[in-house]
Structure formats: C-alpha cells, structure tokens
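Down below is the structure, laid out as structure tokens.
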Amino acid sequence: MPLTPVATHGSESKEREYVWTLNFGPQHPATHTTLRLVLTLDGEKVLQAVPYIGYLHSGFEKLGEHLDFNQYVTIADRMNYLSPLANEIAWHHSVEKLLGIELTPRCKYLRTILAELMRLHDHLLNLGTTALDLGGFTAFLYFFQQREHIYDIVELASGQRFHTSYTRVGGVLFDVNTDWVNRVRKFIQNFPPVYEEVNRLLTKNRIFVDRTQGIGYLSREDAINLSATGPVARASGVERDLRRDDPYLAYNELDFDVICSTGGDCYARYLVRMQEMLESLRILEQAIENIPSGPVNIDVDSDMVLPPKPSVYRSIEGLIQHFEMIMPNRSHDVPREEVYAATESPNGELGFYIVGNNESRAWRARTRPPSFIHFAMFPHMIRDHQLSDVVAVLGSLNIIAAELDR
Amino acid sequence: MVSLEELQSRFGEEIREKTFRDNRFIDVSSGVLLDVLSGLKADFGFSMLIDITAIDWLDYEGATDRFSVVYLLLNVETGERLTIRTAVNLPDPQLPSVCALWMSADWLEREVYDMFGISFSDHPDLRRILMPEEFAAFPLRKDYPLKGRGERHNFPVITRSEG
Amino acid sequence: MAVGLPENIFITRLDAAANWARSNSLWPMPFATACCGIELMATAASRHDLARFGAEVMRFSPRQCDLLIVAGRVVMKMLPVLQRIWLQMPEPKWCISMGACACSGGVFDTYAVVQGVDRFIPVDMYVPGCPPRPEQLLAAVIDMQEKVRRTGTVMGREFAARDTSSGPTPFDLQEEHRIEDASLIQLGGFSAAATTMKRDA
Ligand code: SF4
C-alpha cells in the first residue's frame, strides 16, 4: 500500500500539509473481496473515503439476457457467494411472479428452510470474518465449522456443496429425503452450543465492544435516505423485514420475530445479526417439523416445469415435454410485462426486475443488489473515524464484491 | 394508496397507470419526472428509493422509445410500492438527477450512466462506476455484443523469464 | 561411502536441498477475488486445515510470498493489479490458478471477464471446478510441492528459458474478428492496445 503525500492546494490551513492519501485495496485481506478505497487521512483520522468499485464486474445482467430462466440460476448463484441458495430463491421468486406460478406447499417449506439455512450461512461467515479482522481468530474457526455442516446439508440435497443451482422454475431440482430432514434436525440441535460459545467470546469482549461500539453510526433518517435494507437498516431502527411485511414462501405460516435495534453502530449490527441467527433457528425448527408431504414441483401439465427425469428416460411424452421445455421459443408462456419481486436475503432486500418478451429468457434481468447500495453509504459512515475503524465498518456492512459489481 | 387521479390533478393529465400482478407502474414524461418524484417523496411518504435502473428497448416488438428509466419507490411506513417509468431517447439521453432527494441515487445513477450512457443533469459526480474509466462503449445496450469487442484481450502478456 | 563421512552427515545436491526446503514451506499469496476465495478460506479453516502441508502461512503482501493462488474470476479492471502483484513477488515463485474462472473464464464468457489468467501471467497448476472442493486445492498444493521438488534449481534456471506465454494464444476465429472490428470502431484507450495483439499468421 503506497503512501503518497497529497499535493497541498494553496495554503488553506497549516494542517493541510499533513493530509495523506492511502490506497486501500483492491487486493487487501480485510476487504475480503475486491474493492478499493482511497482514503484521505489526517494522521489516523479519515477525512474522506472515496470507494472505487467494478473490480469484479463480470456482466451478470448481460448474461441474464442470454440465458433462459432455468440456466440463469447458475449465474444468480454466484452473486452473493456467502449464501448462494438465497440468490437462487430470489431469482426464481421473481420469475415465478412474472409467469404467475403458485408453488406447491412442500416446495414453499423446502425453500424456506434453505433460505434460513443460507441466512445462517451468511451471518456465520460475516460475523466470523468481522471478528477475524478485529483480531479474534477463534470465532472464525468455530463458525466456519458450522458452515461446513450447512455445506454438507445442501450438498446432500443438491449434489454440490457451494454453488448448488438447486431451484428450478416451479420447484426444485430433486426432492429431499428423510435422511436430509434428520441432518437438518441434527444441525438445529448442535448449533446452539457453538453459538453460545461464540456469544461468550465476543458479545461482552472488551476489545470487540470497544472497537465496534459507536463506530459507523447510521441514523434512522439516513438509513432510509440511503436505501438501507436488511440487518443494516434494522440495526438503525427501520422496522422492515420482507418476510413479515411482504410474506413470500411459507413465512406467513411461521412464527418469528423481526430483530431491530436503535443503536445504529457496528455493534448494533453485530447484535442484530447474532439475534437473527436465533430467529432463523426458530424458523428452521418449525419448518422442518411441519414440512408437508406431496409433490415438490408444480404439475407437469402446466407446461412450466421440466418433467421428472424417470419419465424423460422412459416415455416418449416425457422426452417431448422435456425437449419443448428447453427450447427457448417453445417453453414457458411468458407475458410481455415487467415485474419486480424481492426477497429478504441475508444482506437485505434482494430483488429482480425482469422484463418478459414471449421467450423463456428475460429481456432485461436487473438485480437490486443490497451490497451495492450498502457500500454507497460507506463514505458517509466512515468520515472522522480512525483508520482502524475502516475494517470494522466494512465488516459490519457485509459487502460482497460479486453482488456489488455483478 | 396514491390514486391516479390525485397524481394527474397535480402533475398533468398525461400520467398513465398500469398494474401487473401486485406491481403498480406509473408512466410519466421526463419533463415532470422530478416534480412527480419529489411530490411523491414529500407528500405521499415514499421515503425510500429502492432502485434505479434502465431498459434498452432496441428491437423489442412494439416499443416506441429507445430507453426506459425505472425508479422503484417504497413507502417505509405502509410498505406500499410504486414504480415510476419514464422514456428517454437517443441521441442525447438525459434526465434530471434525483441525488438531491435521495443520497442513494448517486451510485445508482452512475451505474445507469455506465451501463446505458444515459446521463443525469446536476449529478454531483457522474463518472463510470463499474467499467474502467477509458472504456468507450455502454455494455448493457442491446447493440453491444455479449462477448464484447475484444477489450478483454488487450493486455500485455507477462512471461516466466520476465517475471 | 568412500570418503568415510560420519553417519549424521548427508551428501546431496544443493538444488535438491533447496527444493526440499522450498516445497515444504510454500507461502501462499491468496489473490481471492470471488466465490473461489471462500473455498480457499474453507481450505485454510478448521475442517480441511491447509497447515498440515506447510502452506498455511497466508501472507497478504506479495513481497513475502512464493505461491500465488488466483482464486476467482479476474476481470478487465483487475488484471493489471494481478500482473503487478505477480511482478512484485520475489523469485522463485509459482502460481496456482484455482477454479474454472481463473483457468478459462468459466461460465462468464462476457465482455468484462478475462478468459483465463494464463493468457497474461504464467500458471503452473490448474485446479478445475466451480468452485474446486477444498480437497482439490489440497491436492493441488501437494502436486505443487512435488513439482517444485522435481524441477526446481537454486538459481531459478528452469524459469529463465520460458519466454513465451504459457497460456493459449490462439483466440477462436470469432474472437479475432471481433478484435478487428473493435480496432476499426475506435475504442478510445483500448484501440491502441488492440493493434499490438498477437495474431496467428
Ligand atoms: S470458478 Fe466458479 S466458484 Fe470460482 S470464482 Fe468462478 S464462478 Fe466463482
């Protein structure tokens, strides 16, 4: 990281001579991803932070115009890679809204369980690495162990541990079995002790609290004005959670609380995420015990879903149906309309704005990326803080580069 | 719920409304866009700007304008959502900036500029945000190929003996 | 032995001794840009524990590292940074390209993504997968150690000879046409570079 003195323009004041510019990133361990900040420093105090992004811009939205609704799930996966399944669910949620599909009860519950597992997945990594950046390595290792169990669970369901590409229009790739359900039950049992341990390690840890309390304050007005959503907004007292306010999947049948705080600082965001994990666990407990039986995909005759593999291999009708479904101009009956649908992803409101055009790929597939919007508020939050607070604030916003740059 | 009549009486008759599923779309002309948005924010409680994006309609059957710019608004208290659409055309696609209303519009407008080349007047800092500064095309326009025009290969090659 | 050395003295070639030392303490520089970076973290974390193979000392400063792990896709804006990091690393150094994106662009065959980092920097080991499982990365590190042991020389002579790019030079025909079109269309800063493109005769 090269330190270069800033050319002092004229002599506004004597101190200006001591202003330094520090380049932070784009390849820096504490950014976790690829983002770059140019900080103007007065000693250790940040006078100004200018973010530069786009170091991971890979053309997701352009690809969305070329891949069909089922194929694009592989790309949506790679957006917020801390919780891949949450993106898939959001993408197909929007597509299904465009196509007017109502899911089967089993699929709703299954997706709800997966979405909540992903919320845990995301928060575990986020809190672990935030602690890591602030000097606590242990929490990272404890939480990563739990993430591995979630990897195992999704691998058992989908066959892939990371980018699962598990959802399909109108359903999911395979149904799950009792073995899977038992795995989730076991996870729900084993998680709380680890959670407690980390809770004891961090929540009242003097160093951790000192480094996060009062840092990166975001008031309620600013949070609304800067379009904050998700845990960031809720930690600033904006009581919004799409799971409750705009229920989708099976959330209206489940009992959970929306966690809010009025602190607005990094510590409040940490607490909100910690509490949310407990709520997720509560949702999981209810959902896994009440998961309905029945088909997981909607009826094949609706011409919306891919037929099940056995019928493709063994019957001519199935084969024809499958063939038609993957021909771009023969498959879904797509209205020439625009639609916006959003889900509460671990990071905030993740929505897709889709324009349909009579063929089974989108004319425009816009993502509403929470990370992008949250990173835009970073310069406002870091002003007049110390240099070492940069990592604390970055960690508490949970910026994911692939979602930031798409 | 904001009624269409209310909006029409305040901002002119040519405001149109459409609904699809549970989304409400309000079409306004670019001339009154800023008035409508600031009116919605101040008097109807649409305090949060969810997203700004654009759509390129080149070769879309039945489309009359080249671009639409879309503003997604949310009323935080009631949860009501509204989508405001306005059309812009080449050769000089330009709209007023809403940065003064919502701070989050800053980056969103920069992204629209970067991807579609639609500029926003009075934007404090309208630069490319995702693509490199020296990039000349607008990648999300429909006449730009998916695989680009070879820009991704224009770098010096480092070999082992130089390294 | 003819010279009659005491039992606790071994005779070996200097190359072999240096390689043995180097291969067992590779210091990776994690160039983690995207999803693969999370799997890289998983490799270093509790369950998979990269430390068992002496390669856990992740240093985030290129000056201290000898193994560059490119984990994740590299896009136009990032490639100059990657090249600079590669040049900053001291010799001898090796490079692992982790994941489909770093190897070939993967699913992102788009305008912004570099289609394989091996076109622009030397790569010693490719790890396929999207993302590769941590076990695969562990295997790659072990293979890397083997490669260092087998081919390394103290003075780095094995590198000096390779002055051509190790990556695939020929782009497909379509690509060539696009590049030609591009230089006609005048792309600002990019057009000048387009003419220096290597073309197959
Ligand atoms: S190879 Fe796959 S997992 Fe790795 S960076 Fe590319 S998309 Fe992500």
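Quick look at the numbers
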read-out: Dipole axis of the protein assembly as shown (+1 Lys, Arg; -1 Asp, Glu on Cβ), positive-most option in A:Phe162, B:Thr53, C:Gln88; value: C:Gln88
read-out: Relative contact order %, chain A, counting alpha carbon pairs below 8 Å whose residues are six or more apart; value: 24
read-out: Alpha-carbon centroid distance for the pair the range B:132-159 / the range C:1-67, whole angstrom; value: 38
read-out: Distance (nanometres) between label positions extended 7 Å along Cα→Cβ at A:Gln48 and C:Ser61; value: 2.9
read-out: Beta bridges per DSSP with both ends in the protein assembly as shown, % antiparallel, nearest 5; value: 75
read-out: Rounded to 10°, Cα long-axis angle of helix B:105-116 versus longest principal axis of chain B; value: 60
read-out: Within 10 Å of each Cβ in A:220-229, the average number of Cβ atoms from other chains; value: 5
read-out: Ordering of B:57-68, A:366-377 by packing [mean C-beta count within 10 Å, highest first]; value: A:366-377, B:57-68
read-out: Ranked C:Cys95, C:Cys36, criterion: other C-beta atoms within 10 Å, fewest first; value: C:Cys95, C:Cys36
read-out: Distance between the range A:85-102 and the range A:128-143 - C-alpha centres, whole angstrom; value: 34
read-out: CD proxy at 222 nm, helix term only [per DSSP H run n ≥ 4: -39500 (n - 2.57); per residue of chain A; nearest 500]; value: -14500 deg cm²/dmol
read-out: Packing-based order for B:105-113, A:392-400, B:73-81, using average beta carbon neighbours within 10 Å, highest first; value: A:392-400, B:105-113, B:73-81
read-out: Share antiparallel - DSSP beta bridges, the range C:1-141, percent rounded to 5; value: 5
read-out: Charge sum, other residues only, whose C-beta stays under 15 Å from C:Ala17's C-beta, Lys/Arg counted +1 and Asp/Glu -1; value: +3
read-out: Given charges at beta-carbon only (K, R positive; D, E negative), |dipole| of the protein assembly as shown in Debye; value: 2200
read-out: Sorted peptide list for A:276-284, C:27-35, C:74-82, criterion being average Cβ within 10 angstrom, highest first; value: C:27-35, C:74-82, A:276-284
read-out: Cross-link pairs B:Lys147/C:Lys147; B:Lys18/C:Lys77; B:Lys142/C:Lys77; A:Lys62/C:Lys93; A:Lys97/A:Lys309; A:Lys204/B:Lys41 - those with Cα-Cα distance over 30 Å; value: B:Lys147/C:Lys147; B:Lys18/C:Lys77; A:Lys62/C:Lys93; A:Lys204/B:Lys41
read-out: Separation between Cα centres of the range B:39-115 and the range A:34-49, rounded to whole Å; value: 31
read-out: For residues of A:345-355, the mean tally of beta carbons on other chains within 10 Å; value: 2
read-out: Fewest-first ranking of A:His92, A:His123, using other Cβ atoms within 10 Å as the exposure measure; value: A:His123, A:His92
read-out: Least to most buried among C:Ile11, B:Ile55, C:Ile142 (fewest other Cβ within 10 Å first); value: C:Ile11, C:Ile142, B:Ile55
read-out: Average beta carbon contacts from partner chains per residue of A:69-77, 10 Å cutoff; value: 1
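None of the figures in this text is laboratory data; all of them are computed from the coordinates on show. If you're wondering where the values come from, they're calculated on a predicted model, not measured in any experiment. Heads up, the Cβs are rebuilt from the backbone with ideal geometry, glycines too, and the neighbour counts pull from every protein chain shown.
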